[in-house]
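The values are calculated or read from the model by the stated rules, or taken from the named source; none is laboratory data. For clarity, every value in this text was computed on a predicted model and none was experimentally measured. A quick note on method: Cβ atoms are made from the backbone with ideal geometry, for glycine too, and the neighbour counts reach across all protein chains shown.
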Amino acid sequence: MKFKLGKVVMTRTVNDTIADNAKFAEGITTALKRYVSGDWGDLSADDKRLNDDAVFSGEDRILAAYKTSEGKIYIITEWDRSYTTVLFTDEY
């Protein structure tokens, strides 16, 4: 794990979709594993570089995007590493 996640939370829509769809639940688990290893998913090279800088400095938020069976999600860790939120991109 390259950085602390803090408390991991998700939107109600993501939670409900996980409850109804095992494939999506597995996709969320895979995305979180990728995230903590520093694989930022479907971001531009500049955004990936910003994340790498944020991990190094510990002072900025971290954002990643991943494709799942139910659409694209974001995973966002707050600048102070207190919370990490999983949400659909249209919930941002």
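Note on the stretch 68-89: residues that are over 23 Å from A22 (Cα atoms), part of a strand (DSSP E or B) and polar (S, T, N, Q) amount to 1.
Scoring L5 on the criteria (1) within 19 Å of W79 (Cα to Cα); (2) of a type outside the set (G, A, S); (3) exposed (fewer than 15 other Cβ atoms within 10 Å of the Cβ) leaves a single failure, condition (3). Looking across the stretch 77-92 at every residue that is closer than 11 Å to T11 by Cβ and not hydroxyl-bearing (S, T, Y), the one that is nearest to the chain's Cα centre (by Cα) is identified as V86.
In the stretch 2-26, the residues that are more than 17 Å from T68 (Cβ to Cβ) reach residues that are modelled with pLDDT of 95 or more and part of a helix (DSSP H, G or I) with C-beta atoms within less than 6 angstrom, at least six apart or across chains, in these pairs: K2/V55; F3/V55. Evaluating E59 against the criteria (1) assigned to a helix (DSSP H, G or I); (2) exposed (fewer than 12 other Cβ atoms within 10 Å of the Cβ); (3) not hydrophobic (A, V, I, L, M, F, W, C) leaves one unmet condition, (1). Of the residues making up the stretch 1-43, just one is in contact with a helix residue (DSSP H, G or I) (Cβ under 7 Å, 6 or more places away or on another chain) and of a type in the set (K, R), namely K2.
Of the residues contained in the stretch 42-60, one or more are found to be within 15 Å of M1 (Cα to Cα), in contact with a Lys or Arg (Cβ under 8 Å, 6 or more places away or on another chain) and of a type in the set (A, V, I, L, M, F, W, C). How many residues does the stretch 16-51 hold that are part of a helix (DSSP H, G or I), loosely packed, with under 14 Cβ neighbours inside 10 Å and of a type outside the set (D, E)? The total comes to 8. All of A65, A54 fail the test of being surrounded by 15 or more Cβ atoms within 10 Å (Cβ to Cβ) and part of a helix (DSSP H, G or I), apart from A54. Assess whether S82 counts as being in contact (Cβ under 8 Å) with a residue 24 or more places away in the chain and either more than 12 Å from L5 (Cα to Cα) or not β-branched (V, I, T) (or both). Against the criterion (in contact (Cβ under 8 Å) with a residue 24 or more places away in the chain and either more than 12 Å from L5 (Cα to Cα) or not β-branched (V, I, T) (or both)), S82 qualifies. For T68, the requirement of being among the polar types (S, T, N, Q) and within 11 Å of the chain's Cα centre (by Cα) is not met.
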